[in-house]
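In what follows, a structure is listed as structure tokens, so that the remarks can point back to it.
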Amino acid sequence: MPGVNRPPARRRRPCWALAPAALIGTSLAAAQALPVPPIAQLAPVVVTAARMPQPIATLTADLTVIDADAIAASGSRSFAELLQGQPGVEIVQNGGPGSTSGVFLRGANRGQTVLLVDGLRVSSSTVGAPTLEAIPLDQVERIEILRGPASSLYGADAIGGVIQVFTRRPGPGVSGRLSGGLGTDDTRSVAGGFSATLGAVALSLQAGHRQSEGFNASTDPSSFIWNPDRDGYDSNDVGASAALTLAPGHEASARYMRNRLDNQFDGGPDFDDRTRTTLELWQVESRNRFADAWTSKLSVGEAADDSVSSTAFGDYPFRTRERQYGWQNELALPQGTATLAVERREERIDEEAGFAVTRRDTNAVVGILQFARSDHTLQANLRYDRSTQYGGQTTGAIAWGYRLAPQWRVTASYGTAFKAPSFNDLYYPGFSNPDLEPETARNVEGSIHWSGQLGEWRTGARAVAWYNKVDQLIVFQCDDAFNCAPRNIARATLAGVTLAGDAAWRGTSMRASVDLQQPEDDVTGRLLPRRAQRHGSLVVAQRVGPAQLVVELIASSYRYDDAENTRRLGGYAIVNVAVEWPVGRGVTLLARADNAFDKDYALAYGFATGGARAFVGVRWQP
């Protein structure tokens with residue numbers, strides 16, 4: 001934030017306001033990541049937009065799906081890199097894979113997006129943001145990205161939206177998989193899994209290992225953190241699931257996932273600084289269809305985020321645990337569905353961190369109504385959260401969709417959201433403020449969809465415009481006596497338009513999107529840190545015999561690394577290339593080149609992105 005005596009900057013004309021109406025276009029609701037399969041293969045059902053399965057064709061929300069084939073073929077080295085290039089998504093990394101990572105969804109702060117793993121909230125209660133770098137890609141089967149405020153569905157922190165990860169599940173019969181590869185920076189990886197469904201019992205076991213010597217992530221020799229060593233990482237993960245069908249419509253299941261990430265970073269010239277993060281999740285669930293019109297789900301689980309940073313000044317542990325309970329009931333109505341859920345979330349901080357308060361409990365109740373009649377669809381959400389720390393918060397949303405014609409559909413929605421202060425904001429010794437209030441947001445948006453045939457091409461297009469006002473933003477500020485603490489003093493506007501489209505014909509498929517946005521501080525008129533006014537991607541996939549070649553372009557305009565807009569990060573355009581070549585008997589050869597033209601660019605000031613990189617591997621999955 002700028003100093004109090006600094007005059008406001010000249011207010012920019014919003015770039016999204018310059019978009020001509022003729023540019024209406026975006027991807028189908030379930031646009032996929034690299035590579036791009038034909039539109040007809042899109043998953044027909046999604047979960048995150050209403051906390052229950054629903055057909056994509058009836059969505060009133062802005063949602064994207066990345067499926068298992070796209071994840072496997074992408075060759076992405078990290079969860080954040082996989083998300084890069086999706087509509088509305090910008091990423092930040094303090095170095096390469098394994099380093100601290102974050103996502104800006106529709107221009108919202110990295111702590112204003114909720115991360116779910118199989119419905120279980122995953123985040124660091126101290127930092128107030130999810131630890132994206134600790135999500136192991138080899139455990140992931142599908143990802144859903146819900147853009148827009150979703151606190152009325154999932155509670156605190158969903159101002160920008162929700163990213164939900166679905167881990168691998170047993171398939172029919174008995175199956176296995178194994179993959180491995182080598183890459184630049186001495187990168188090595190191996191992953192495998194086994195699943196079996198035998199009568200009423202389904203079991204799966206997954207494990208993976210990935211390591212890299214890395215590269216020198218710091219770029220400024222004059223910085224106090226400068227260290228010319230390589231900053232590598234080592235990651236080891238395991239996952240398991242079991243399900244038992246007790247009777248038709250009645251199933252009990254259990255899931256477990258653990259990943260230990262050891263990542264080096266630069267904190268000074270004479271010490272091997274590193275952070276060891278252990279992400280551990282477990283969940284037990286019972287799903288029961290008590291009647292044709294009544295389905296119930298009862299669950300309990302825990303997400304633990306244990307992080308210890310070892311520096312020249314000592315070890316700094318930040319260990320948080322979140323126990324979560326939920327009971328959700330879905331009732332079929334004559335022309336829709338009613339959902340009622342109650343939840344409890346218990347956050348616990350390790351007392352070794354020295355915080356004055358180390359626990360917070362939140363109870364919540366949420367109701368969802370969905371109606372579909374003729375060409376109209378309607379969804380209304382209402383939720384109340386009651387916290388032992390910040391009191392009560394009520395959020396709601398209403399969304400409407402209308403099919404104008406077989407090929408045309410429009411939607412409109414309004415929703416509210418909030419973000420709870422983190423434990424660091426509230427209780428970090430010497431630099432905190434226990435009187436902080438939650439951040440709040442009000443969002444309105446509209447979209448227009450089109451799908452159909454253009455000659456022999458199957459095509460889809462959509463445009464989404466949004467306007468999100470965020471108040472009570474928490475900003476860290478120091479006074480003249482250098483008394484520093486976070487305060488609720490800022491306001492921001494997140495406004496923009498997403499335009500994109502898909503097309504597929506025979507062995508060729510394409511996906512393109514562009515975001516024109518104005519994420520700015522209302523007081524100063526300056527851009528919010530590390531967020532661009534324009535960013536987008538283009539993906540072209542081409543079948544050549546049995547092989548598939550994919551070329552991906554990701555581009556962004558300039559950004560600023562600080563709130564004062566003095567440290568400029570230049571715009572960039574990078575090209576990634578991937579090849580998949582099935583050679584028979586379930587064996588596929590893989591190759592990927594990231595930043596193929598060795599573009600020099602930065603996602604965070606003072607941190608390198610590593611230049612051109614390559615990875616080759618093999619996958620066996622009969």
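The values are calculated or read from the model by the stated rules, or taken from the named source; none is laboratory data. All of these numbers come straight from a predicted model, not from anything done at the bench. Quick reminder, even Gly has a Cβ in these numbers, built from the backbone with ideal geometry, and neighbours come from all protein chains shown.
Kindly list the number of the only condition in (1) part of a strand (DSSP E or B); (2) under 19 Å from Q112 (Cα atoms) that fails for E552.
(2)
Is there any pair linking a residue in region 600-622 that is under 14 Å from D220 (Cβ atoms) to one that is of a type in the set (V, I, T) and part of a strand (DSSP E or B), with Cβ under 8 Å and at least six apart or on different chains, and which?
A604/V92
When the residues of region 276-298 are narrowed to those that are among the hydroxyl-bearing types (S, T, Y) and over 23 Å from the mean Cα position of the chain (by Cα), which ends up farthest from A129 (Cα to Cα)?
Filtering region 276-298 for residues among the hydroxyl-bearing types (S, T, Y) gives 277-278, 286, 295-296.
Filter once more, keeping what is over 23 Å from the mean Cα position of the chain (by Cα): 286, 295-296.
Values: S286: 29, T295: 32, S296: 30 Å.
So, considering only residues that are among the hydroxyl-bearing types (S, T, Y) and over 23 Å from the mean Cα position of the chain (by Cα), the one farthest from A129 (Cα to Cα) is T295.
Would you please name the residue that is farthest from A158 (Cα to Cα), looking only at residues in region 44-78 that are among the hydrophobic types (A, V, I, L, M, F, W, C), at pLDDT below 85 and buried (at least 18 other Cβ atoms within 10 Å of the Cβ)?
Keep residues of region 44-78 that are among the hydrophobic types (A, V, I, L, M, F, W, C), which gives 45-47, 49-50, 52, 56-57, 59, 61, 63, 65-66, 68, 70-73.
With at pLDDT below 85 added as a condition, the list becomes 56-57, 68, 70-73.
So of that shortlist, the ones also buried (at least 18 other Cβ atoms within 10 Å of the Cβ) come out as 70-73.
Numbers: A70: 26, I71: 24, A72: 28, A73: 30 Å.
Step by step, filter region 44-78, then rank; the result is A73.
Considering only region 562-606, how many residues are assigned to a strand (DSSP E or B) and hydroxyl-bearing (S, T, Y)? Even if it seems obvious, please write down each step before you answer.
If we filter region 562-606 for residues that are assigned to a strand (DSSP E or B), which is where we start, we get 568-569, 572-584, 587-594.
In the following step, the residues that additionally are hydroxyl-bearing (S, T, Y) were identified as 572, 588.
Summing the residues that are assigned to a strand (DSSP E or B) and hydroxyl-bearing (S, T, Y) in region 562-606 gives 2.
For region 57-113: of the residues being hydrophobic (A, V, I, L, M, F, W, C) and assigned to a loop (DSSP other than H, G, I, E, B), which is farthest from D471 (Cα to Cα)?
Here is the first cut: in region 57-113, the ones hydrophobic (A, V, I, L, M, F, W, C) are 57, 59, 61, 63, 65-66, 68, 70-73, 79-80, 82-83, 89, 91-92, 103-105, 108.
Then keep just the ones that are assigned to a loop (DSSP other than H, G, I, E, B); that gives 59, 61, 108.
On the way: L59: 28, A61: 23, A108: 12 Å.
Applying the filter and picking the extreme gives L59.
Which one of the conditions (1) surrounded by fewer than 15 Cβ atoms within 10 Å (Cβ to Cβ); (2) in contact (Cβ under 8 Å) with a residue 12 or more places away in the chain; (3) touching a strand residue (DSSP E or B) at 6+ places or on another chain (Cβ under 8 Å); (4) not β-branched (V, I, T) does D561 fail to meet, given that it meets all the rest?
In the conditions (1) surrounded by fewer than 15 Cβ atoms within 10 Å (Cβ to Cβ); (2) in contact (Cβ under 8 Å) with a residue 12 or more places away in the chain; (3) touching a strand residue (DSSP E or B) at 6+ places or on another chain (Cβ under 8 Å); (4) not β-branched (V, I, T), D561 misses (1) alone.
Would you say V357 is under 24 Å from G301 (Cβ atoms) and under 27 Å from the mean Cα position of the chain (by Cα)? Walk me through how you get there before you give the answer.
Details: under 24 Å from G301 (Cβ atoms): yes; under 27 Å from the mean Cα position of the chain (by Cα): no.
For V357, the condition - under 24 Å from G301 (Cβ atoms) and under 27 Å from the mean Cα position of the chain (by Cα) - is not met.
I need a count of the residues in region 334-347 that are at pLDDT 95 or above and either polar (S, T, N, Q) or over 21 Å from F418 (Cα atoms) (or both).
Of the residues in region 334-347, the ones at pLDDT 95 or above are 337-347.
After this cut, where a residue has to be either polar (S, T, N, Q) or over 21 Å from F418 (Cα atoms) (or both) as well, the list is 337-339.
Selection size over region 334-347: 3.
Taking into account only those residues within region 184-206 that are closer than 24 Å to I66 by Cα and touching a residue at least 60 places away in the same chain (Cβ under 8 Å), which is surrounded by the fewest Cβ atoms within 10 Å (Cβ to Cβ)?
S189
Quickly run through region 285-295 and pick out the residues that are in contact with a Ser or Thr (Cβ under 8 Å, 6 or more places away or on another chain) and surrounded by 15 or more Cβ atoms within 10 Å (Cβ to Cβ). So that I can check it myself, show each step before the final result.
As a first pass, look at region 285-295 and keep what is in contact with a Ser or Thr (Cβ under 8 Å, 6 or more places away or on another chain): 285-290.
E285, S286, R287, N288, R289, listed by residue number.
Can you tell me which of (1) touching a residue at least 12 places away in the same chain (Cβ under 8 Å); (2) under 24 Å from L499 (Cβ atoms); (3) exposed (fewer than 15 other Cβ atoms within 10 Å of the Cβ) is the one N443 doesn't meet?
(3)
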